[in-house]
Amino acid sequence: MIIKHVPMRTLRKSNVVSLVTYLTNTQGRQERVGEITVTNCHSDRHDAASLEMLNTQSLNTRAQSDKTYHLIVSFRPGERPSAETLRAIEARVCHRLGFGEHQRVSVLHHDTNNVHLHLAINKIHPTRYTLHEPYKAYRAFGELCDSLEDAFHLEQDNHRVRKTGGENRASDMEQQAGTESLIGWMQRDCLDELRAAQTWAELHQVLRQHGLAIQPRGQGLVITDGQGTFVRASSVARDLSKVSLERRLGLFKPSGPVQTTKPTRRYKPKPLQSRMDTTALYARYQQDRLARTQGRAVALHEARTRKGQQIDAAKRAGQIKRDTIKLTMSGRITKKLLYAKVSQTLRSDLRQILDRHRRDGVAITARYTRLTWADWLRQQAIAGDQEALRALRAREAARGLTGDTITAVGTRLVNAVVGAHQDHITKQGTIIYRVGLSAVRDDGTRLQVSREVTNDGIDAALRLAIQKYGTTIAVSGSDAFKTRVAQVAARSRLSIRFDDPTLEHQRQWYAQDARQRFTPATPSATGPTQAESSPLAPPSDEMLRALAEQERKRLQVIRTPTVRRFETRDQGMVRFGFVEKIEDRHFALVHRQDETLVLSLDEATYRRLTSFTRGRTVHLSESGAITLGRGHRR
């Protein structure tokens, strides 16, 4: 795991309400936002808690720095800690940094290959109203990661501080944008030659050969590529700082007369090393970027022209009104009042014109936003460009899915999957599918159930694997996950075969057991003391939504209650709700804690359950058989 602090250097970003709104916004992706937790606030709603935090911040009028601390806790690919583990990690991190008593909102995000937890922390204490700033927090982050990885058995990560701040920012830019930074290019291309220079003249010569120049700025030195990009010399390497260079080469000497020779190499942003040739794609990206720049300039020019025309028209209308008043009205007081009214109307019109122009400018900027190389590839992949999707997956940053995964033995059959809706594509080229109420991740070779591993999710992943790859399936991960996959495959009666002989034997055994379990039994003559659900098709998403809305109206609540399909893990004691008939299909609803479970029934079982009273305790077997609680069993 890695802990990272995101500095809030602008007033807009430092606004805690804006930060919480951004973190909790799904952005149209169902898999983006996971669990939201509010701590040390009176309200348990994140929107009300953010206003409460803002009110607390307003009570401190002396602090000049930002009052919000944005922290990110990121986990290794494939790691999905439980909700209890996440809450424990959050509490220990905040306590170690001195924020144990402070108000905070934590939001879990699932829309990347690394599950990560965002913490929006109020730096103002809720009762003392003092500002707390952790001392040398970056040192505490490494110690925290070590202790938390040991305590919760997480995968070890590289979280030691070995780079300067500039190097870290350049590395982050390369990972996020997908293009080479000036610092990274210098470290890979000319750092050894710079270290080998014995005089300032040799150092300047090496820099000129690479189209670079070094010059003093402030108390240090900066290196520029001549195209407007500047980096601190110490960010390239610690031994290139002004102190280190002057200790080795003597007092700084500026470069001599400008040389006419052209540099042999020059920094030019280009895609990082990839496992495929992206020359043609990058040329398309540059053309699109140029078109966006030109389109933005044209649109802004048209908006400015339109604003000027509207202002001129408003002023002319005002002048016409004044001339009319001057010619037709008599009386000094009357004219003065009418002139004042005309001026007021003109000011109102001008304010509306300027507000409209401001909104147009924001819309134009959003429409012609300059995309990074990785973002452009993702945009093209979402639009269906398979070459862009392959380029995303060929990036060095794309490691693929790990952990509990499902893959195939054989070649790909199809790209599009019937019944699967694409929710999002990550920058590593992982497609997140929505299949019913479940989510499945696809990196091109492996499938993984997103978030919590449920039977519905495993069933969806297996069906996706059958459609995409064929019927011979390979499963990797823990033994518990493999056993669960075999159970789901058997009970869903999927036409697949596992390449692992042991797992295939388990599937066959579970399939035989399921056939025996679901053999129809003769109804009991003693009446409706027990009923068993047949292996019928589970309820559809539309039916679940209709039943959830019905429950909401019955309970007279605003929030829709959780209504989902019955799963094997739900076996045990539950409270009976009622039976329902929708579109000639029969269902039973039972309550387990705060959730409502839906089971498909045959008509005979439905008739027997109609006499059951709401709230009656019943027992659910592993297969969905309903028996009276503490009563007789078949």
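The values are calculated or read from the model by the stated rules, or taken from the named source; none is laboratory data. As the structure is a prediction and not an experimental result, all values here were calculated from the model. With ideal geometry, Cβ positions are generated from the backbone for all residues, glycine too; neighbour counts draw on all protein chains shown. SASA here: full protein model, heavy atoms, side chains in, ligands and nucleic acids out. Shrake-Rupley method; radii C 1.70, N 1.55, O 1.52, S 1.80 Å.
For the residues 340, 280, the requirement of being open to solvent by 60 Å² or more (accessible area, probe 1.4 Å) and among the aliphatic types (A, V, I, L, M) singles out 280. Taking into account only those residues within the stretch 432-454 that are hydrophobic (A, V, I, L, M, F, W, C) and either at positive phi or open to solvent by 20 Å² or more (accessible area, probe 1.4 Å) (or both), which is modelled with the lowest pLDDT? Going through the qualifying residues, I end up with 437. Residue 54 passes every criterion in (1) out of contact with any strand residue (DSSP E or B) (no Cβ under 9 Å at 6 or more places or on another chain); (2) under 12 Å from residue 120 (Cα atoms); (3) open to solvent by 40 Å² or more (accessible area, probe 1.4 Å) apart from (1).
With respect to the conditions (1) hydrophobic (A, V, I, L, M, F, W, C); (2) surrounded by fewer than 18 Cβ atoms within 10 Å (Cβ to Cβ); (3) at pLDDT 85 or above; (4) in contact with a helix residue (DSSP H, G or I) (Cβ under 7 Å, 6 or more places away or on another chain), residue 108 falls short on a single one, namely (2).
Where residues in the stretch 203-248 are assigned to a loop (DSSP other than H, G, I, E, B) and either at pLDDT 90 or above or not small (Gly, Ala, Ser) (or both), which of them is nearest to residue 193 (Cα to Cα)? So that I can check it myself, show each step before the final result.
Keep residues of the stretch 203-248 that are assigned to a loop (DSSP other than H, G, I, E, B), which gives 210-212, 218-219, 225-229, 237, 241.
Imposing the further condition that a residue be either at pLDDT 90 or above or not small (Gly, Ala, Ser) (or both) reduces the set to 210, 212, 219, 225, 227, 229.
Details: 210: 11, 212: 13, 219: 24, 225: 17, 227: 22, 229: 21 Å.
Top of the filtered list is 210.
Sort out which residues of the stretch 478-508 are surrounded by 13 or more Cβ atoms within 10 Å (Cβ to Cβ), within 24 Å of residue 536 (Cβ to Cβ) and of a type outside the set (D, E, K, R), and write them in order of number. Once the filter is applied, which keeps residues that are surrounded by 13 or more Cβ atoms within 10 Å (Cβ to Cβ), within 24 Å of residue 536 (Cβ to Cβ) and of a type outside the set (D, E, K, R), the stretch 478-508 yields 485, 486, 487, 488, 489, 490, 492, 494, 496, 508.
Among what's in the stretch 163-173 and is of a type outside the set (S, T, N, Q), closer than 21 Å to residue 227 by Cα and open to solvent by 20 Å² or more (accessible area, probe 1.4 Å), pick the residue that is modelled with the lowest pLDDT. Full working, then the answer.
Here is the first cut: in the stretch 163-173, the ones of a type outside the set (S, T, N, Q) are 163, 165-167, 169-170, 172-173.
Keeping just the survivors that are closer than 21 Å to residue 227 by Cα gives 166-167, 169-170, 173.
Still in the list and also open to solvent by 20 Å² or more (accessible area, probe 1.4 Å): 167, 169, 173.
Numbers: 167: 64, 169: 70, 173: 73.
That would be 167.
Among the residues of the stretch 564-571, are any in a loop (DSSP other than H, G, I, E, B), in contact with a strand residue (DSSP E or B) (Cβ under 7 Å, 6 or more places away or on another chain), open to solvent by less than 10 Å² (accessible area, probe 1.4 Å) and closer than 21 Å to residue 457 by Cβ?
If we filter the stretch 564-571 for residues that are in a loop (DSSP other than H, G, I, E, B), which is where we start, we get 566-567, 571.
Next, from what is left, pick out any that are in contact with a strand residue (DSSP E or B) (Cβ under 7 Å, 6 or more places away or on another chain): 566, 571.
Narrowing the set further to residues that are open to solvent by less than 10 Å² (accessible area, probe 1.4 Å) leaves none.
Within the stretch 564-571 (the criterion being in a loop (DSSP other than H, G, I, E, B), in contact with a strand residue (DSSP E or B) (Cβ under 7 Å, 6 or more places away or on another chain), open to solvent by less than 10 Å² (accessible area, probe 1.4 Å) and closer than 21 Å to residue 457 by Cβ), the answer is no, since none of the residues qualifies.
Looking at the stretch 176-184, is at least one residue crowded, with 18+ Cβ neighbours inside 10 Å, among the β-branched types (Val, Ile, Thr) and at pLDDT below 85? Yes - at least one qualifying residue is present in the stretch 176-184.
Would it be correct to say that residue 48 is touching a helix residue (DSSP H, G or I) at 6+ places or on another chain (Cβ under 8 Å) and either open to solvent by less than 60 Å² (accessible area, probe 1.4 Å) or in contact (Cβ under 8 Å) with a residue 12 or more places away in the chain (or both)? So residue 48 does not fit the description; no.
Residues in the stretch 92-101 that are under 17 Å from residue 125 (Cβ atoms) and either touching a helix residue (DSSP H, G or I) at 6+ places or on another chain (Cβ under 7 Å) or surrounded by fewer than 18 Cβ atoms within 10 Å (Cβ to Cβ) (or both): 95, 96, 97, 98, 100, 101. Which residues, counting only those in the stretch 134-162, are among the charged types (D, E, K, R) and open to solvent by less than 90 Å² (accessible area, probe 1.4 Å)? Within the stretch 134-162, 136, 146, 149, 155, 157 qualify. Residue pairs whose Cβ atoms lie under 7 Å apart, sitting 6 or more positions apart in sequence or on different chains, and linking a residue in the stretch 173-192 that is within 14 Å of residue 232 (Cα to Cα) to a partner that is open to solvent by less than 70 Å² (accessible area, probe 1.4 Å) and acidic (Asp, Glu), are 181/174; 182/225; 183/167; 184/174.
Does residue 371 satisfy the condition of being in a loop (DSSP other than H, G, I, E, B) and in contact with a strand residue (DSSP E or B) (Cβ under 6 Å, 6 or more places away or on another chain)? No, not satisfied. When we screen 281, 251 for residues that are aliphatic (A, V, I, L, M) and more than 30 Å from residue 195 (Cβ to Cβ), the only hit is 281. Scoring residue 67 on the criteria (1) under 15 Å from residue 32 (Cα atoms); (2) buried (at least 20 other Cβ atoms within 10 Å of the Cβ); (3) not small (Gly, Ala, Ser) leaves a single failure, condition (1). Listed by position, the helices (runs of 4 or more DSSP H) enclosed by the stretch 1-96 that each have at least 2 residues that are modelled with pLDDT of 90 or more and under 27 Å from residue 448 (Cβ atoms) are 16-24. Residue pairs whose Cβ atoms lie under 7 Å apart, separated by 6 or more positions or on different chains, with the first residue in the stretch 197-226 and over 20 Å from residue 265 (Cα atoms) and the second open to solvent by 10 Å² or more (accessible area, probe 1.4 Å) and among the small types (Gly, Ala, Ser), are 220/234; 220/241. Can you tell me which residue within the stretch 357-368, out of those that are open to solvent by less than 90 Å² (accessible area, probe 1.4 Å) and either part of a helix (DSSP H, G or I) or small (Gly, Ala, Ser) (or both), is farthest from residue 179 (Cα to Cα)? Among residues in the stretch 357-368 that are open to solvent by less than 90 Å² (accessible area, probe 1.4 Å) and either part of a helix (DSSP H, G or I) or small (Gly, Ala, Ser) (or both), the one farthest from residue 179 (Cα to Cα) is 357.
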